Amino acid sequence: MNQFKVKKIVDQAFIEAELNKEQIAEILAADINDLDYLLQQADQKREEICGDEVHLRAIIEFSSYCKQNCYYCGLRKDNQQLKRYQLEVEEIIETAQMAAELGYQTVVLQSGEDDYPAAEIAEIIKEIKKTTAMAVTLSLGERDFEVYKLWREAGADRYLLKHEIADKVLYQKYHPGMSFENRIESLKYLKILGYQIGSGVIIGLPEQTPEIMAEDLLLCQDLELDMIGSGPFIPHQQTPLKGSNRGTAEMTLKFTALSRLLLPLAHIPATTALGTIDAEGRQKALQAGANVVMPNVTDGRYREQYQIYPDKICVNEEAGDCRQCIGSIIASLGRYVSQKQGHSLRD
Ligand code: SAH
Ligand code: SF4
């Protein structure tokens with residue numbers, strides 16, 4: 001694509017936060033070497049909207065049990081080679097309190113879809129809210145609608161549920177027994193309940209096209225997301241997609257930059273998956289629109305077993321190491337770690 005055309009589309013996105021499907025697909029299909037301007041403008045928009053502060057969200061991966069069978073994920077039920085673990089209520093609360101002591105302002109409770117008792121999760125949320133000043137994000141997959149309500153009433157602030165791919169046929173193919181409609185209805189209901197909602201996609205799943213990714217971005221705009229995340233697909237040996245190509249850092253960066261221009265008020269993470277396929281991946285994303293990093297605070301004993309994808313970075317580290325490492329990455333970019341909770345920028 002010639003530079004003049006790139007500039008025209010990027011300028012429109014920068015000014016209006018609006019592009020049509022063809023324009024988005026055209027940018028996503030272009031060679032990254034022609035897209036310096038896209039990345040620069042996304043960085044500028046990030047600076048305008050978010051300034052130089054970077055929000056950290058501490059993730060606790062508290063259970064690797066999962067009843068779903070997503071085609072790409074190492075935690076899928078049919079992966080019998082994976083040794084599973086589940087933390088007790090007390091351990092989760094203690095880990096969250098340790099995260100607060102390390103200075104985190106948000107904790108993300110994440111797990112496979114393991115039917116952890118809803119009342120126990122509610123108890124955990126209440127205790128974290130009572131004993132720390134942290135915002136609480138849940139990333140527990142789909143649950144009954146009344147459970148979302150219970151957790152909101154217990155004090156949860158945000159819910160993270162990626163729609164993964166905005167093509168119903170491919171969604172159905174990669175998520176046997178699950179429904180795209182229910183995923184989207186869940187996100188809409190969570191928003192009605194007053195949660196700040198996060199969604200996002202896996203970049204580079206087989207058969208995903210620039211047109212589908214353009215639909216992903218349009219859907220994210222429709223949902224008025226408070227957070228949008230995108231990480232490259234990394235094939236896992238014990239899954240049906242083991243022989244597929246992985247997603248690329250380039251496509252993830254293009255998607256990140258477009259996310260910032262089309263949803264200027266969204267929080268956008270530089271994902272661990274991107275840091276896994278490219279040693280400088282998170283730094284690059286932070287310079288292409290991202291303003292959030294999600295360090296792991298799970299006890300080192302369990303990290304190896306939360307194998308969503310292979311070779312995940314930081315599995316041999318402990319929470320304190322990750323906090324320091326991320327802090328220096330952020331400082332090296334001339335940015336700083338926010339001391340605020342980093343609520344939605346939409347309010
Ligand atoms: N069970 C919850 C949360 C844990 S999975 C849920 O599914 O929402 C968190 C995210 O990991 C998923 O949303 C998916 O986007 C990502 N993921 C799973 N397998 C992956 C893989 N092989 N490569 C990259 N990302 C993957
Ligand atoms: Fe389970 Fe989430 Fe992995 Fe799907 S992506 S198999 S729901 S942990």
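Couple of notes before you dig in:
- Of the criteria (1) surrounded by fewer than 24 Cβ atoms within 10 Å (Cβ to Cβ); (2) of a type in the set (Ser, Thr, Tyr); (3) within 26 Å of Gly320 (Cβ to Cβ), which one Tyr171 fails: (3)
- Within region 159-178, one or more residues are in contact with a helix residue (DSSP H, G or I) (Cβ under 9 Å, 6 or more places away or on another chain), in a helix (DSSP H, G or I) and within 14 Å of ligand 1 (Cβ to nearest atom).
- Any chance Asp167 is closer than 22 Å to Ala17 by Cα and of a type in the set (D, E, K, R): no
- Every residue from region 222-254 that is open to solvent by 40 Å² or more (accessible area, probe 1.4 Å), outside any loop (DSSP other than H, G, I, E, B) and over 15 Å from Ile27 (Cβ atoms): Asp222
- From the list Phe180, Phe233, the one residue that fits, being hydrophobic (A, V, I, L, M, F, W, C), within 16 Å of ligand 2 (Cβ to nearest atom) and within 27 Å of Val147 (Cβ to Cβ), is Phe180.
- Annotation note: Cβ proximity below 9 Å between a residue of region 77-94 that is of a type in the set (Ser, Thr, Tyr) and a residue that is open to solvent by 50 Å² or more (accessible area, probe 1.4 Å) and at pLDDT below 95 (sequence gap 6+ or interchain) occurs for Tyr85/Arg301.
- Gly74 outside any helix (DSSP H, G or I) and more than 30 Å from Asp144 (Cβ to Cβ): no
- If the condition is being open to solvent by 20 Å² or more (accessible area, probe 1.4 Å), in contact (Cβ under 8 Å) with a residue 40 or more places away in the chain and farther than 25 Å from Pro235 by Cα, then region 175-190 contributes Asn182, Tyr189.
- Residue ID - farthest from Thr137 (Cα to Cα), chosen from residues in region 277-308 that are open to solvent by less than 30 Å² (accessible area, probe 1.4 Å) and of a type in the set (Ser, Thr, Tyr): Tyr306
- Within region 117-136, being open to solvent by 10 Å² or more (accessible area, probe 1.4 Å) and either within 15 Å of ligand 1 (Cβ to nearest atom) or among the hydroxyl-bearing types (Ser, Thr, Tyr) (or both) holds for Thr131, Thr132.
- Each residue in region 15-38 was checked for being over 17 Å from Pro210 (Cβ atoms) and under 23 Å from the mean Cα position of the chain (by Cα), and 2 of them qualify.
- When residues in region 191-209 are screened for being closer than 22 Å to Cys70 by Cα and either open to solvent by 10 Å² or more (accessible area, probe 1.4 Å) or aliphatic (A, V, I, L, M) (or both), 10 of them pass.
- The set of residues in region 257-276 being open to solvent by less than 10 Å² (accessible area, probe 1.4 Å) and within 19 Å of Lys340 (Cα to Cα) consists of Ala266, His267, Ile268, Pro269, Ala270.
- Scanning region 199-206 finds one or more residues that are assigned to a loop (DSSP other than H, G, I, E, B), within 13 Å of ligand 1 (Cβ to nearest atom) and either touching a Cys at 6+ places or on another chain (Cβ under 8 Å) or touching a residue at least 40 places away in the same chain (Cβ under 8 Å) (or both).
- Of the residues making up region 102-116, those that are assigned to a loop (DSSP other than H, G, I, E, B) and hydrophobic (A, V, I, L, M, F, W, C) number 1.
- Among all positions in region 29-48, there is no residue which is within 16 Å of ligand 2 (Cβ to nearest atom) and among the hydrophobic types (A, V, I, L, M, F, W, C).
- Residue count for region 309-330 satisfying the condition of being free of Cβ contacts under 8 Å to residues at least 40 places away in the same chain, open to solvent by 30 Å² or more (accessible area, probe 1.4 Å) and out of contact with any Asp or Glu (no Cβ under 9 Å at 6 or more places or on another chain): 4.
The values are calculated or read from the model by the stated rules, or taken from the named source; none is laboratory data. Note that the structure is a prediction, hence the values are computed from the model and not measured. Here the Cβ is made from the backbone with ideal geometry for all residues, glycine too, and neighbour counts use every protein chain on show. The accessibility values were calculated without ligands, DNA or RNA, using every heavy atom of the protein model including side chains. Shrake-Rupley method; radii C 1.70, N 1.55, O 1.52, S 1.80 Å.
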